[in-house]
């Protein structure tokens, strides 16, 4: 338990640094799609809800879990979908067009 | 490592791969050329992670999982199809959904585990639930303001900050008590309910102009609450995804606050729209120069370098496509046209770029503020469409102005400035703009869409 906790803190710390480094290099052009993408990725919280519902430990947990899955899945699907739509619109004037 | 069942190892390996894909996904967002790979990476990681989770040995009930996944997808698809002008409210809504998921799972976990909740577990669980629930209502409020269901004006009252801090204080006190006495289950609903109220109160005093900062901040909270959930569930993938989202939101909020010359605390506790309309009465009717579409077209046609400065007013007038036509016709005439994008143009970070990209304006023509500001002295015409405060030279020179110190686009340094504006009434923040009275400024009075359309007609008919 104790060592797991320390491991988790290390992972969190490293992920924050990676996050800062990676996001810092994202072009401001793409900040809106970036936010919708991170939103979709963040909806990975759905895995926690899936286990909660699947283990069927109490009806209370199942009800909350089902709502949680619905909310998170809508973020996954909607988030990737709209990010893709936005990125498709970004075209350069250089390559194909005369 | 503890003894893991075979399937458990497999799940951990799948999560490891998904984590790498998530990081790559964000890395590829660094440029529009690779950004779409980023979506693939993210999607593959997501599908892998969800499929892997279904291998979890404890799962006995599939029916509700499948029903919920299908239902969620059904809601997600229309949410992915909204118009580009509605992306900010959609984003706020998705922050609310993400936070809802985290809060509900946290609540369920508490009632399953109490009274045997170790202190550290209870601390992160409290953080998860408090951040989650305040993000839930805060984001709903932000979405309501952006959708204009709720008034965009900041609503303030005396002692507001005290009330808000007091509420947060009670929630934190409840959390501390629960950490020490995790069997006090009757306290848990308080710890959920109070941040829900706090979320509403937190966004009420924030005006429309500050929305980009607020959305970014809520994004960060949503990420951190998900990371806290990862600690509770001992799920490393969730910790990583939450940390990535949290740091992304934090970076964007810092960029947004800098662009508004405000500190975080100022955004949260300042209620910008509440500012006194700058030194009222100081400006009596000063003369301005105005021009017709015909004159504006002639000046544009004679220019070598034109910089268009779009603001949210352009999007409100739905003038993007007319602006694209103007860009096309000027480019055809050999005029170099670029767009100057202020970081807070639009209602969320980067929003203006999306709106212009939607109108088929090539992204390499969209230039950030810091990059283009040095070029204004060599610019023949700066055409301001629906932007106001971000072009206000008082931010540079007038220490008494409420926006003093805010970084602006130096359009006043261009040889000629043209401003399309409905009338001389001051902008959203109620601050007068000295730009309009300069000798090299021409005011083009009218609706942005119609006026740009008239210029385009002049340019195409004339030659």
Item to complete: Quick one: residue B:99 ticks every box in (1) surrounded by 23 or more Cβ atoms within 10 Å (Cβ to Cβ); (2) facing chain A (nearest Cβ under 7 Å); (3) modelled with pLDDT of 95 or more except a single one, so which number is it?
Response: (2)
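Please work out if residue B:204 is more than 7 Å from chain A (Cβ to nearest Cβ), closer than 20 Å to residue B:133 by Cβ, surrounded by fewer than 23 Cβ atoms within 10 Å (Cβ to Cβ) and at pLDDT below 95.
On the way: more than 7 Å from chain A (Cβ to nearest Cβ): yes; closer than 20 Å to residue B:133 by Cβ: yes; surrounded by fewer than 23 Cβ atoms within 10 Å (Cβ to Cβ): yes; at pLDDT below 95: yes.
Against the criterion (more than 7 Å from chain A (Cβ to nearest Cβ), closer than 20 Å to residue B:133 by Cβ, surrounded by fewer than 23 Cβ atoms within 10 Å (Cβ to Cβ) and at pLDDT below 95), residue B:204 qualifies.
Could you say which residue among B:222, B:228, B:241, B:259 is in contact (Cβ under 8 Å) with a residue 60 or more places away in the chain, at the interface with another protein chain (Cβ under 7 Å from one of its Cβ atoms) and under 22 Å from residue B:203 (Cβ atoms)?
On the way: B:228 fails: at the interface with another protein chain (Cβ under 7 Å from one of its Cβ atoms); B:241 fails: under 22 Å from residue B:203 (Cβ atoms); B:259 fails: at the interface with another protein chain (Cβ under 7 Å from one of its Cβ atoms).
Among B:222, B:228, B:241, B:259, only B:222 is in contact (Cβ under 8 Å) with a residue 60 or more places away in the chain, at the interface with another protein chain (Cβ under 7 Å from one of its Cβ atoms) and under 22 Å from residue B:203 (Cβ atoms).
Pick out, from the stretch B:296-374, the helices (runs of 4 or more DSSP H) lying fully within it that include 1 or more residues that are out of contact with any strand residue (DSSP E or B) (no Cβ under 9 Å at 6 or more places or on another chain) and at the interface with chain A (Cβ under 9 Å from one of its Cβ atoms).
Numbers: elements: B:312-316, B:320-332, B:351-358, B:369-372.
The qualifying helices (runs of 4 or more DSSP H) are B:351-358.
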Worksheet item: Right, residue B:141: part of a helix (DSSP H, G or I), in the same structural domain as residue B:234 (by TED's automatic domain parsing) and more than 30 Å from residue B:86 (Cβ to Cβ) or not?
Response: no
Worksheet item: in the same structural domain as residue B:102 (by TED's automatic domain parsing) and in contact (Cβ under 8 Å) with a residue 12 or more places away in the chain: does that describe residue B:183?
Response: yes
Response to the item:
In the stretch B:236-256, residues that are surrounded by fewer than 24 Cβ atoms within 10 Å (Cβ to Cβ) and touching a helix residue (DSSP H, G or I) at 6+ places or on another chain (Cβ under 7 Å) total 4
Worksheet, complete the sentence: Filtering the stretch B:70-89 down to residues that are crowded, with 24+ Cβ neighbours inside 10 Å and within 15 Å of residue B:143 (Cβ to Cβ) yields B:87, B:88
Item to complete: From B:57, B:95, grab the single residue that is touching a helix residue (DSSP H, G or I) at 6+ places or on another chain (Cβ under 6 Å) and within 30 Å of residue B:319 (Cα to Cα).
Response: B:95
Worksheet item: Quick one: would you say residue B:182 is assigned to a loop (DSSP other than H, G, I, E, B) and either under 24 Å from residue A:68 (Cβ atoms) or modelled with pLDDT of 90 or more (or both)?
Response: yes
Worksheet, complete the sentence: Of B:370, B:410, B:360, B:375, the only residue that is in contact (Cβ under 8 Å) with a residue 40 or more places away in the chain and closer than 23 Å to residue B:338 by Cα is B:375
Item to complete: Would you check if residue B:54 is over 27 Å from residue A:27 (Cα atoms), at the interface with another protein chain (Cβ under 8 Å from one of its Cβ atoms), out of contact with any strand residue (DSSP E or B) (no Cβ under 9 Å at 6 or more places or on another chain) and modelled with pLDDT under 95?
Response: yes
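Which of the residues belonging to the stretch B:387-400 are part of a loop (DSSP other than H, G, I, E, B) and either within 22 Å of residue B:255 (Cβ to Cβ) or in the same structural domain as residue B:256 (by TED's automatic domain parsing) (or both)? Break it down into steps so the answer makes sense when it comes.
If we filter the stretch B:387-400 for residues that are part of a loop (DSSP other than H, G, I, E, B), which is where we start, we get B:387-388, B:392-393, B:398-400.
Hits for the stretch B:387-400 are B:387, B:388, B:392.
Being within 25 Å of residue A:62 (Cβ to Cβ) and in contact (Cβ under 8 Å) with a residue 24 or more places away in the chain, is that true of even one residue in the stretch B:22-34? Working first, answer last.
Of the residues in the stretch B:22-34, the ones within 25 Å of residue A:62 (Cβ to Cβ) are none.
No, every residue in the stretch B:22-34 fails to be within 25 Å of residue A:62 (Cβ to Cβ) and in contact (Cβ under 8 Å) with a residue 24 or more places away in the chain.
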Practice prompt. Test residue B:186 against the criterion of being within 30 Å of residue B:117 (Cα to Cα), over 21 Å from the mean Cα position of the chain (by Cα) and surrounded by fewer than 22 Cβ atoms within 10 Å (Cβ to Cβ), and give yes or no.
Written response: yes
Response to the item:
Of A:91, A:57, the only residue that is touching a helix residue (DSSP H, G or I) at 6+ places or on another chain (Cβ under 9 Å) and either modelled with pLDDT of 95 or more or over 20 Å from residue B:366 (Cβ atoms) (or both) is A:57
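If you go through the stretch A:8-15 one residue at a time, do you hit one that is crowded, with 24+ Cβ neighbours inside 10 Å and touching a helix residue (DSSP H, G or I) at 6+ places or on another chain (Cβ under 7 Å)? Spell out how you get there, then give the answer.
Pass one, the stretch A:8-15, residues crowded, with 24+ Cβ neighbours inside 10 Å: A:15.
With touching a helix residue (DSSP H, G or I) at 6+ places or on another chain (Cβ under 7 Å) added as a condition, the list becomes A:15.
Within the stretch A:8-15 (the criterion being crowded, with 24+ Cβ neighbours inside 10 Å and touching a helix residue (DSSP H, G or I) at 6+ places or on another chain (Cβ under 7 Å)), the answer is yes, since at least one residue qualifies.
Just need a number here: residues in the stretch B:257-289 that are surrounded by 12 or more Cβ atoms within 10 Å (Cβ to Cβ) and either at pLDDT below 50 or in contact with a strand residue (DSSP E or B) (Cβ under 8 Å, 6 or more places away or on another chain) (or both).
Narrowing the stretch B:257-289 to residues surrounded by 12 or more Cβ atoms within 10 Å (Cβ to Cβ): B:257-264, B:266-275, B:277-279, B:283, B:288-289.
Still in the list and also either at pLDDT below 50 or in contact with a strand residue (DSSP E or B) (Cβ under 8 Å, 6 or more places away or on another chain) (or both): B:271-275, B:277-279, B:283, B:288-289.
Of the residues in the stretch B:257-289, 11 are surrounded by 12 or more Cβ atoms within 10 Å (Cβ to Cβ) and either at pLDDT below 50 or in contact with a strand residue (DSSP E or B) (Cβ under 8 Å, 6 or more places away or on another chain) (or both).
The values are calculated or read from the model by the stated rules, or taken from the named source; none is laboratory data. This structure is a prediction, so every number in the text was calculated from the model and none was measured. Quick reminder, even Gly has a Cβ in these numbers, built from the backbone with ideal geometry, and neighbours come from all protein chains shown.
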